[in-house]
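Have a look at the structure below before the remarks.
The values are calculated or read from the model by the stated rules, or taken from the named source; none is laboratory data. Remember, predicted model here, so these are calculated numbers, not experimental data. Here the Cβ is made from the backbone with ideal geometry for all residues, glycine too, and neighbour counts use every protein chain on show. With ligands, DNA and RNA removed, areas are computed over all heavy atoms of the protein, side chains included. Shrake-Rupley method; radii C 1.70, N 1.55, O 1.52, S 1.80 Å.
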Amino acid sequence: MAGMTSTASTASTAGPASPAGPASPAGISSASGPLADLVLGWFAVCGRDLPWRRPLTSPWAIMVSEVMLQQTPVSRVLPVWEAWLDRWPTPAALAAEPAGEAVRAWGRLGYPRRALRLHQAATVVVERHDGEIPQHLDDLLALPGIGTYTARAVAAFAFRQRHPVVDVNVRRLFARAVEGRADPPATVSRRDLVEIAELLPPDTETAARASAAFMELGALVCVARAPRCAACPLLGRCAWVSAGSPPSAGPARRPQGYAGTDRQVRGRLLAVLRDASPAVGQEILDQVWDDPVQRTRALAGLIDDGLVVRVAPGVYALPS
DNA sequence: GAATCGTGGCG
DNA sequence: TCGCCAAGATT
């Protein structure tokens, strides 16, 4: 049962029968078999050819992609990822440059603290792991900016280990297909993690690919807003569909908008600093926002985060 | 557990 | 037009 990975024709166990019974609450679908096979078969045909999924992609390149993809669409990551790795093909290459260069190269991906932490992570990798991305989950988790999702993603996708890789796509897919609920849980319970792990095939390489396949299905078909169930390989055994596709419990209230927030001011300030080198004067920064109180608070926040440094009275720059 | 932290595309 | 949404981490 190690090599059930062949791309085409996994329809053996697919059975059009679909006994229509998986609506039971604790429906822990058999064990580690059919569901993953169905998704793997779909993935082989419909999965995107993303560059970080290609063979021979380095663990560093995969880790960079995972960090960039946090809360950021693939289409926006692609060009930045290419340029980033062209410039810094290894952690040592990045660690050798000022952190500000990482922030600048980050461009408009958003959440620029990720760039700072990636630079910090590269430094740790050089100093404590001989320049190689560590393979153990605990070592990955210890890196700045690497949380539970990203650590497992790197372990699985770069080192082909068998770990449940649970992002929002997998949470949503699991909530619907297995639990019959429209919305993913806010957080992943220990038990959900175990159950998702049990869906993975035993073979580690196949398990790693299955994790990518789950995420892909959630990203392309089992999407949040208008799921394309007609194109889903799990249509015949989806608990949510079997239950009549009950609507979501309403949108989780949005904390706040973006316009007018400190976040927007920080974004504007940093945009000026990215495009200006090496430094800019106070009067330039003063033009990005009218309210001096909020502007000052935002700049102080950026400095506090280490994204900006004051190089002289009234003169600011990206960190070195 | 809730709040915070960017940005841009899309229905 | 505007709210929702996109491979989370940190505090």
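Are there helices (runs of 4 or more DSSP H) fully within the range A:137-229 with at least 3 residues that are within 8 Å of DNA strand C (Cβ to nearest atom)? List them.
A:148-157, A:168-177, A:204-220
Could you check the range A:87-134 and list, in sequence order, the residues that are part of a loop (DSSP other than H, G, I, E, B) and of a type in the set (Lys, Arg)?
A:Arg108
Are there any pairs with C-beta distances below 6 angstrom linking a residue in the range A:41-52 that is in a helix (DSSP H, G or I) to a residue that is within 16 Å of DNA strand B (Cβ to nearest atom) and open to solvent by less than 60 Å² (accessible area, probe 1.4 Å), with the two at least 6 apart or on different chains, and if so which?
Short answer, once both residue conditions are applied: A:Trp52/A:Ser65.
Looking at A:Val272, A:Val221, A:Val309, A:Val280, which one is within 30 Å of A:Val45 (Cβ to Cβ), within 16 Å of DNA strand B (Cβ to nearest atom) and at pLDDT 95 or above?
Only one candidate passes the filter, namely A:Val221.
Under 9 Å by Cβ, and 6 or more places apart or on different chains, what pairs join a residue from the range A:171-192 that is free of Cβ contacts under 8 Å to residues at least 24 places away in the same chain with one that is of a type in the set (S, T, N, Q) and open to solvent by less than 50 Å² (accessible area, probe 1.4 Å)?
Short answer, once both residue conditions are applied: A:Pro184/A:Asn169.
Residue check, A:Glu205 against (1) in contact with a Lys or Arg (Cβ under 6 Å, 6 or more places away or on another chain); (2) open to solvent by 50 Å² or more (accessible area, probe 1.4 Å); (3) under 30 Å from A:Glu101 (Cα atoms), all met but one. Which one?
The one condition A:Glu205 does not meet is (3).
Would you confirm whether any residue within the range A:32-44 is open to solvent by 50 Å² or more (accessible area, probe 1.4 Å), modelled with pLDDT under 95, more than 23 Å from the chain's Cα centre (by Cα) and of a type in the set (S, T, N, Q)?
Scanning the range A:32-44 turns up no residue that is open to solvent by 50 Å² or more (accessible area, probe 1.4 Å), modelled with pLDDT under 95, more than 23 Å from the chain's Cα centre (by Cα) and of a type in the set (S, T, N, Q).
Exactly one condition in (1) within 12 Å of DNA strand B (Cβ to nearest atom); (2) closer than 18 Å to A:Arg152 by Cβ; (3) buried (at least 16 other Cβ atoms within 10 Å of the Cβ) is false for A:Ser65; which is it?
Among (1) within 12 Å of DNA strand B (Cβ to nearest atom); (2) closer than 18 Å to A:Arg152 by Cβ; (3) buried (at least 16 other Cβ atoms within 10 Å of the Cβ), the lone unmet condition for A:Ser65 is (1).
Kindly indicate whether any position in the range A:233-255 is without any contact (Cβ under 8 Å) to a residue 12 or more places away in the chain, out of contact with any Gly (no Cβ under 6 Å at 6 or more places or on another chain) and closer than 15 Å to A:Val39 by Cα.
Yes, there is a match, as at least one residue in the range A:233-255 is without any contact (Cβ under 8 Å) to a residue 12 or more places away in the chain, out of contact with any Gly (no Cβ under 6 Å at 6 or more places or on another chain) and closer than 15 Å to A:Val39 by Cα.
A:Asp290 versus (1) within 15 Å of DNA strand C (Cβ to nearest atom); (2) in the same structural domain as A:Gly306 (by TED's automatic domain parsing); (3) exposed (fewer than 12 other Cβ atoms within 10 Å of the Cβ): which is the lone unmet condition?
Of (1) within 15 Å of DNA strand C (Cβ to nearest atom); (2) in the same structural domain as A:Gly306 (by TED's automatic domain parsing); (3) exposed (fewer than 12 other Cβ atoms within 10 Å of the Cβ), only one is false for A:Asp290: (1).
Scan the range A:168-201 for residues that are open to solvent by less than 40 Å² (accessible area, probe 1.4 Å), away from DNA strand B (no atom under 14 Å from the Cβ) and of a type outside the set (A, V, I, L, M, F, W, C) and jot them down.
The answer is A:Asn169, A:Arg172, A:Arg176, A:Gly180, A:Glu195, A:Pro201.
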